[in-house]
Amino acid sequence: MPIETSTVAPCGKSERWRFIRQHGCESPRPGRKQRVWRLAFFALLAAAVYLSWKPVPGIEQVAWMPSSLGRLFDRNDGWKNFIGFGLVALTLLKAWHEPTGKASARRASARASRAPILFAGFCCFVALLEIGQLTLPKRTCDWRDVLAGWFGGLVAWALLYLPRGVRALFPKL
């Protein structure tokens, strides 16, 4: 069988960009804004892993955390998880979102399928961090923390994607 050459990306730079525009593919390299969002995501991800798996649960003793914020979060554990994981989810969704642009069926399906996959991975990550606390002697696994983290992620997802849906349904607003 002959190979269809129209779906194989050519090697030249100008030909590659023509292929990308023609087929509605995402740019192979992220733009500057996406790189900044990805850097913020990995910084928040590292902070979430550190704060979730450090041996002592108190945040007030963390050197780089303002003491007043640490006291507030130590008294309100649910808000700590809601805000912290909400920020992780926000940066995750902003860093790997499908950019809007010229409409095509391929790009629309990629936009529709990428956010739920990212959100499902985020939910698994939150649960894994909380389950990992079972191995630490002074920490406890609390499913309310998982639910607060998931809810923070859900609010972040809603803040990003609901306005897009409203604009799509009511373009003249």
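Every number in this text was worked out from the coordinates using simple rules, so none of it is lab data. Since this is a predicted model, take the numbers as computed values, not measurements. Every residue, glycine among them, receives a Cβ derived from its backbone with ideal geometry; neighbour counts consider all protein chains shown.
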task = Amide H neighbours of ILE59 under 5 Å, at least 5 residues apart or on other chains, H built in the peptide plane: list them.
result = ASP74
ask   = Taking the Cβ-Cβ separation of LEU136 and ARG114 as r and a Förster radius of 41 Å, what is the calculated FRET efficiency to the nearest 0.05?
value = 0.75
ask   = In whole angstrom, how far apart do the alpha carbon centroids of the stretch 31-93 and the stretch 151-165 sit?
value = 19 Å
request  = Pull out the extension gain between ARG38 and LEU69, defined as 0.36 nm times the separation in residues minus the alpha carbon to alpha carbon distance; nm, one decimal.
outcome  = 8.7 nm
message = Through the Karplus equation 6.51 cos²θ - 1.76 cosθ + 1.60, θ set to phi - 60°, convert the phi angles of the stretch 137-152 into ³J(HN,Hα) values in whole Hz; use x for Gly and Pro.
response = x, 9, 10, 10, 8, 10, 5, 5, 5, 5, 5, 5, x, 5, 5, x
